[in-house]
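The values are calculated or read from the model by the stated rules, or taken from the named source; none is laboratory data. Fair warning: this is a prediction, and the values are worked out from it, not measured in the lab. Quick reminder, even Gly has a Cβ in these numbers, built from the backbone with ideal geometry, and neighbours come from all protein chains shown. Heavy atoms of the whole protein, side chains included, go into the accessibility calculation; ligands, DNA and RNA do not. Shrake-Rupley method; radii C 1.70, N 1.55, O 1.52, S 1.80 Å.
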Amino acid sequence: MAEQDSSRAGAAASAHAMRECDVLIIGGGPAGSTAGTLLAQRGHRVILLEKARHPRFHIGESLLPANLPLLDKLGVAEAVRAMAMEKWGAEFVSPWHAQRSQTFEFADAWDKSMPHSYEVRRSEFDEILIRNTARQGAEVIEGCRATHVVFDRDDGGATVEARHDDGRCETWRARFVLDASGRDTFLGKKFGTRRRNPRHNSSALYAHFSGAQRHPGRAAGNITVFWFEHGWFWFIPMADGATSVGAVVWPHYLKTRS
């Protein structure tokens, strides 16, 4: 198998020139963009491959306060602040407790330096991050899906093949490969290491709505988590008037619904 992989990589390299980089990152979401920016700031030659093209839809709009110093470090704090909804706390609603609703203010945490966070529309947030990665000196290539990787046992580097939207193939020689592909688990699939956690097995339904009722004043941006018999709901208000609502449930419960 190793010989087949090596011959395949050699054939690809002969078909078109192989380019070199220090780090090749697979995936242009927040993790890939953050790593790409920090590595480029340190002078490394970075290639970031993203299979989609930004802006693109993604779920997961609620940030935590500890993101604030990281946004400053990346140089995107002002851009995110301009498009985000300020979030000063998190509300939990339970039908099984005497105090049905309880709000935790971030300002009451041990670390008082991060009293708020943001709710963000991910298509905008992710695009801010990846465009910043390119400005910091990384080469960002969108519409390009990594298809194959071969690791060299001698020097520890890797050869990565990828296919562009228009069908072109390209090959890179990288000192390091960083898998930031998220649920795609690019390297996890290659090495057969992806495992399902039986204690963390959930499914979600979600959508964006307009006209949802919000809390008054500063609490308008708070995330609300509603517990119910089969899981929990999220309610995430965003600055443009949309509200993200989703239900996280056990898969076996979801399958009982037609």
Next item on the list: Would you list, by chain and number, the lysines whose Cα falls below 23 Å from the Cα of residue 112, excluding same-chain residues fewer than 8 positions away?
Entry: 73, 87
Note to self: With loop defined by DSSP as not H, G, I, E or B, and exposure as at most 13 other Cβ atoms within 10 Å, which is the longest segment of the chain clear of exposed chymotrypsin sites (Phe, Trp or Tyr not before Pro)?
What the structure shows: 111-258
Notebook entry, point to check: Length gain on complete extension for the stretch residue 197 to residue 135, per 0.36 nm per residue less the alpha carbon to alpha carbon distance?
Noted result: 18.5 nm
Item checked: Leading residue at positive end of dipole, the range 123-234 (Cβ point charges), from 156, 215, 125 -> 215
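Quick one: which of 212-221, 28-37 comes out on top by average Cβ neighbours within 10 Å, and what's the full order, highest first?
Numbers: 212-221: 13.0, 28-37: 24.2.
The most tightly packed comes first, giving 28-37, 212-221.
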Next item on the list: Determine which aspartates and glutamates satisfy two conditions relative to residue 189: a Cα distance under 13 Å, and not lying fewer than 8 residues away in the same chain.
Entry: 179
Check: What are the ³J(HN,Hα) values, in whole Hz, obtained from phi via the Karplus relation 6.51 cos²θ - 1.76 cosθ + 1.60 with θ = phi - 60°, for each residue of the range 94-108 in sequence order, with x given for Gly and Pro?
Finding: 10, x, 9, 10, 4, 8, 4, 10, 9, 10, 9, 7, 5, 5, 8
Check: Expressed as a whole number of Å, what is the distance separating the alpha-carbon centroids of the range 19-50 and the range 113-164?
Finding: 5
Item checked: Whole-number percent relative contact order across the range 18-64, with pairs defined as alpha carbons under 8 Å at least 6 apart -> 41
Next item on the list: Step through the residues of the range 153-169 one at a time and calculate ³J(HN,Hα) from phi using the Karplus curve (6.51 cos²θ - 1.76 cosθ + 1.60, θ = phi - 60°), rounding each to whole Hz and writing x for Gly and Pro.
Entry: 6, 7, 9, x, x, 8, 10, 10, 9, 8, 10, 7, 4, 7, x, 5, 10
Item checked: Amide H contacts under 5 Å for residue 157, placed H, 5+ residues apart -> 152
Notebook entry, point to check: According to a simple spin-label model (label point 7 Å from Cα along Cα-to-Cβ), what is the distance in nm between residue 102 and residue 83?
Noted result: 3.6
Notebook entry, point to check: Which whole-number percentage describes the relative contact order of the chain, with Cα contacts under 8 Å and a sequence gap of 6 or more?
Noted result: 24
Notebook entry, point to check: Using a 1.4 Å probe, what is the accessible area per residue for the range 31-75, in Å²?
Noted result: 48
Check: Do the sum for the chain: with -39,500 (n - 2.57) for every DSSP H run of n ≥ 4, divided by all residues, what is the mean residue ellipticity at 222 nm, to the nearest 500 deg cm²/dmol?
Finding: -7000 deg cm²/dmol
Item checked: Candidates per trypsin sites (Lys or Arg not before Pro) in the range 31-106, loop by DSSP, up to 11 other Cβ within 10 Å -> 42, 100
